[in-house]
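Asks: Can you read through this structure? Questions will come right after.
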């Protein structure tokens with residue numbers, strides 16, 4: 001699981017990354033502060049299986065029944081208009097972006113930065129321009145790939161060396177595009193039976209835009225939402241959009257680490273630790289945070305991460321264990337691990353994710369909630385606790 005984080009200069013992208021991963025990175029209001037991609041670990045949240053079994057367990061990734069599940073997040077560098085043509089750090093930007101399964105586009109929804117990322121007065125710049133230019137960059141990238149190879153695809157089909165679906169998927173394999181995704185878009189647009197020689201430029205562009213949306217879904221992080229007079233503008237964005245304040249989340253995490261407040265990512269507010277002395281500058285900062293929560297219900301950072309993994313990608317959380325009665329691994333740790341799998345994944349898919357040897361010797365699995373034996377092709381559900389029975393152990 002890899003989430004790509006992108007945005008022009010000075011929109012709070014590096015602050016978002018720091019808040020989500022608690023990793024300090026360079027930030028600044030000029031292009032290419034981020035030159036090499038920063039890679040860190042963020043967490044999505046779900047109800048822990050301990051709630052179902054009504055048990056308590058000692059796990060740093062379970063806090064009050066909420067399970068924190070690690071995901072990789074990459075802070076992608078070099079987004080400027082014309083990136084698909086190699087402008088700025090365009091080639092590196094696209095190479096980093098191709099590795100991501102989903103993209104979070106951090107937008108200055110308050111309009112305090114122009115298209116080049118230079119500071120301007122609040123509301124001066126229209127953030128919808130930023131949303132459009134990023135969509136256009138990715139669409140044009142995909143279009144260029146297909147148009148460049150289109151004549152070759154037609155020749156391969158004529159010579160019966162490839163089918164249309166295979167020919168297209170092959171050209172996008174470097175972006176992780178699968179045959180079935182190409183097939184779905186072809187069928188949706190009724191292009192599956194149309195002779196490729198008869199495709200117009202419009203057909204290619206419409207197909208590619210749909211393919212991009214399906215294979216590189218994008219969520220808009222409407223950052224600096226607390227600076228907006230109103231948030232009506234988000235209703236004009238067609239992509240999934242979540243208002244947020246990365247700076248507020250970062251401040252809250254630092255204050256929590258210092259023991260000044262009690263706060264969990266995603267909470268709609270915080271409480272002050274009465275046992276800790278708060279200095280006047282700290283009190284002023286916390287008052288500012290409280291005012292942010294009056295404008296938006298939460299900082300939005302956790303909601304964006306969860307939405308990316310669970311809503312847009314439709315992943316589920318599964319808990320693998322080695323002892324189905326005690327819900328432990330071989331060391332006796334209760335509910336030790338979590339796995340993120342695409343919806344409709346099977347018990348055999350889970351075995352493969354744990355270790356190739358376990359999948360190779362797969363016999364059956366046990367659903368620890370129902371105590372029933374399940375087959376390898378049984379589809380798993382969100383929150384399942386599963387023991388894999390195999391003739392081979394990992395390693």
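The values are calculated or read from the model by the stated rules, or taken from the named source; none is laboratory data. All values derive from a computational prediction rather than experimental measurement. All Cβ positions, glycine included, derive from the backbone under ideal geometry; neighbour counts span all protein chains shown.
Asks: Of all residues in the stretch 235-265, count the ones that are surrounded by 18 or more Cβ atoms within 10 Å (Cβ to Cβ) and touching a residue at least 60 places away in the same chain (Cβ under 8 Å).
Replies: Number satisfying all stated conditions: 9.
Asks: Then there's this: Being touching a residue at least 24 places away in the same chain (Cβ under 8 Å), out of contact with any strand residue (DSSP E or B) (no Cβ under 8 Å at 6 or more places or on another chain) and farther than 22 Å from residue 57 by Cα is true for just one of 363, 350, 392. Which residue is that?
Replies: The match here is 392.
Asks: For residue 187, state whether it is over 19 Å from residue 136 (Cα atoms) and either touching a strand residue (DSSP E or B) at 6+ places or on another chain (Cβ under 6 Å) or at pLDDT 90 or above (or both).
Replies: yes
Asks: Do we have residue 202 as outside any helix (DSSP H, G or I) and either out of contact with any helix residue (DSSP H, G or I) (no Cβ under 6 Å at 6 or more places or on another chain) or at pLDDT 95 or above (or both) here?
Replies: No.
Asks: Determine if the stretch 129-138 includes at least one residue that is without any contact (Cβ under 8 Å) to a residue 40 or more places away in the chain and over 20 Å from residue 224 (Cβ atoms).
Replies: Filtering the stretch 129-138 for residues without any contact (Cβ under 8 Å) to a residue 40 or more places away in the chain gives 129, 132, 136.
With the extra rule that they be over 20 Å from residue 224 (Cβ atoms), the set shrinks to 136.
Taking every residue of the stretch 129-138 in turn, at least one turns out to be without any contact (Cβ under 8 Å) to a residue 40 or more places away in the chain and over 20 Å from residue 224 (Cβ atoms).
Asks: Moving on to the next point. Identify the single condition in (1) in contact with a helix residue (DSSP H, G or I) (Cβ under 6 Å, 6 or more places away or on another chain); (2) in the same structural domain as residue 110 (by TED's automatic domain parsing) that residue 233 does not satisfy, given that it satisfies every other one.
Replies: (1)
Asks: I would also like to ask the following. Taking residue 288 as the residue in question, decide whether it is over 30 Å from residue 121 (Cβ atoms) and modelled with pLDDT under 95.
Replies: No, not satisfied.
Asks: Run residue 33 past the list (1) under 22 Å from residue 110 (Cα atoms); (2) in contact with a helix residue (DSSP H, G or I) (Cβ under 9 Å, 6 or more places away or on another chain); (3) at pLDDT 60 or above and report the number of the one that doesn't hold.
Replies: If we test residue 33 against (1) under 22 Å from residue 110 (Cα atoms); (2) in contact with a helix residue (DSSP H, G or I) (Cβ under 9 Å, 6 or more places away or on another chain); (3) at pLDDT 60 or above, just (3) comes out false.
Asks: Determine which single condition residue 166 fails, assuming it passes every other condition in (1) over 27 Å from residue 99 (Cβ atoms); (2) at pLDDT 90 or above.
Replies: Unmet for residue 166, out of (1) over 27 Å from residue 99 (Cβ atoms); (2) at pLDDT 90 or above: (1).
Asks: Tell me, please, whether a residue that is closer than 21 Å to residue 104 by Cβ, in contact (Cβ under 8 Å) with a residue 60 or more places away in the chain, assigned by TED's automatic domain parsing to the domain that holds residue 180 and crowded, with 16+ Cβ neighbours inside 10 Å can be found in the stretch 142-153.
Replies: yes
Asks: Answer yes or no: is there a residue in the stretch 191-204 that is over 18 Å from the mean Cα position of the chain (by Cα), touching a residue at least 60 places away in the same chain (Cβ under 8 Å) and assigned by TED's automatic domain parsing to the domain that holds residue 153.
Replies: The answer is yes; a qualifying residue exists.
Asks: Still on this structure, I have one more. Name, by its number, the condition in (1) modelled with pLDDT of 95 or more; (2) more than 22 Å from the chain's Cα centre (by Cα); (3) under 21 Å from residue 67 (Cα atoms); (4) surrounded by fewer than 19 Cβ atoms within 10 Å (Cβ to Cβ) that does not hold for residue 381.
Replies: It fails just one condition, (2).
Asks: Here is a follow-up. Answer with yes or no whether residue 123 is in contact (Cβ under 8 Å) with a residue 60 or more places away in the chain and loosely packed, with under 14 Cβ neighbours inside 10 Å. Lay out the reasoning, then the answer.
Replies: Values: in contact (Cβ under 8 Å) with a residue 60 or more places away in the chain: yes; loosely packed, with under 14 Cβ neighbours inside 10 Å: no.
It is false that residue 123 is in contact (Cβ under 8 Å) with a residue 60 or more places away in the chain and loosely packed, with under 14 Cβ neighbours inside 10 Å.
Asks: Would you confirm, using the coordinates I've provided, whether residue 316 is surrounded by 19 or more Cβ atoms within 10 Å (Cβ to Cβ) and within 30 Å of residue 232 (Cα to Cα)?
Replies: Here the answer is no, as residue 316 does not meet what is asked.
Asks: Restricting the first residue to the stretch 301-320 and requiring it to be within 13 Å of residue 220 (Cα to Cα), which pairs with a second residue that is assigned to a loop (DSSP other than H, G, I, E, B) meet a Cβ separation below 6 Å and a spacing of at least six or different chains?
Replies: 301/244; 312/217
Asks: Same structure again: Quick test for you: out of 295, 276, pick the one residue that is assigned by TED's automatic domain parsing to the domain that holds residue 64 and touching a helix residue (DSSP H, G or I) at 6+ places or on another chain (Cβ under 6 Å).
Replies: Residue meeting the stated conditions: 295.
Asks: If we keep just the residues of the stretch 269-300 that are surrounded by fewer than 18 Cβ atoms within 10 Å (Cβ to Cβ) and touching a residue at least 60 places away in the same chain (Cβ under 8 Å), which is farthest from residue 351 (Cα to Cα)?
Replies: 291
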